[in-house]
Amino acid sequence: MLPAAVTQARGIVAVLGTGYYVYGLKPMQLEAPIPESFKAPSTSGQTNPTIFTPTTQDYQKVYDAIAKKLIDEDDYDDGSYGPVLVRLGWHSSGTYDKLTNTGGSNGATMRFAPEGDHGANAGLKAARDFLEPVKKQFPWITHSDLWTLGATCAIQEMGGPDIAWRPGRSDRDVAYCTPDGRLPDASKGSDHLRGIFYRMGFNDQEIVALSGAHALGRCHTDRSGFEGPWTFSPITMTNDYFKLLLDEEWDYRNWNGPRQFQDNKTKTLMMLPTDVVLIKDEGFRPHVDRYANDQEEFFKEFSDVIMTLFELGVPFESGKEARNVFKRTE
């Protein structure tokens, strides 16, 4: 029988949360080759493992792989997986509770039931499955980092603002799953919105800015129960969500589904109760007005708050200087 130390050396130890992979005596067969610059020099008689530390360039390669899939695989919903990737990053991060310092993007616990089965997460398997080939191509990245990087990539590639991002999230087991009810319930009002977002540490302005993500995507009856897009360009990020909230007349939709609003003019767009409260609540309304009048201002404040959302509760070993804005595809 081999000594325990040798047996262990032949394994591969993944150091979660830091992005390191340790390669032992037995070479690891990867779908993507290890860059030459990260391979240890060949030395006869030595068995010390080499440590692969991803660089900004390596994360750019992950970004590029996600962006390429977004371009190549355009058969989802309105022609892009982008909106559902944003929703995955949002929902994996929006479970944070500042009082207990639990939840948030660190852990990627939506991989497990019951969190993956929470009603608010219905349909997100499509986003997780979309990113799995990228995870296999770059096995050193954690799911937690991949999901938030995927959302960051999607926002930028759909015409949104630059989003600063940094690595350092770890993957955790099922014991860290968060309880149901930490994400917004679209059928509720302003008190509910504040309860959900104040729990994470956000204020009214940040609530409205984050709501601007509804410029992207649509609702599905087999997921949330609601139906339809918020804007006429659901795969392009603009400030149209706020313009439409103010400019259109919104009536209750007469149908068998949950209460939602539809535009009076075309009857093809929808708004949720949590959307309409933004123009009725005196604390939210001024920010809706600002963003409707100035897309640049909306983009700047959205960029700041989505970066914060993706970092909530993450015990980063790196400082803010590790944040990076990735180059978009041309």
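Any read-out appearing in this document is the output of simple, stated calculations on the displayed coordinates, not a laboratory observation. Remember, it's a predicted structure, so these values are computed and weren't measured experimentally. Note that each Cβ is placed from the backbone with ideal geometry, even for glycine, and that neighbours are counted across all protein chains shown.
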Report, ordered by chain and residue number, the lysines lying within cross-link reach of K135, taken as a straight Cα distance under 18 Å and ignoring same-chain residues fewer than 8 apart. K61, K68, K69, K125
Pairs of alpha-carbon atoms within less than 8 angstrom and 6+ residues apart define the contacts here; what relative contact order does the chain have, in percent? 20 percent
If the only charges are +1 at each Lys and Arg Cβ and -1 at each Asp and Glu Cβ, what is the size of the charge dipole of the chain around the Cα centre, to the nearest 20 debye? 1100 debye
What number does the chain give for Rg over Rh if you use C-alpha atoms and the Kirkwood radius? 1.02
Volume per residue that the Cα convex hull of segment 255-315 spans, once the total is divided by residue count, Å³: 145 Å³
Helix runs (DSSP H) in the chain reaching 18 Å along axis by Cα, Kyte-Doolittle at least 0.0: 143-157
Within a Gaussian network of the chain (alpha carbon springs, distance under 10 Å), most fluctuating of K69, K125, K136: K136
Picking from W90, T50, L131, whose Cα lies most toward the positive end of the charge dipole for the chain (charges on Cβ: Lys, Arg +1; Asp, Glu -1)? T50
Among Q260, Q57, Q156, which one shows the highest mean-square fluctuation when the chain is modelled as a Gaussian network with alpha-carbon springs under 10 Å? Q57
Looking at the chain as a GNM with Cα springs under 10 Å, which of E227, E132, E282 has the largest mean-square fluctuation? E282
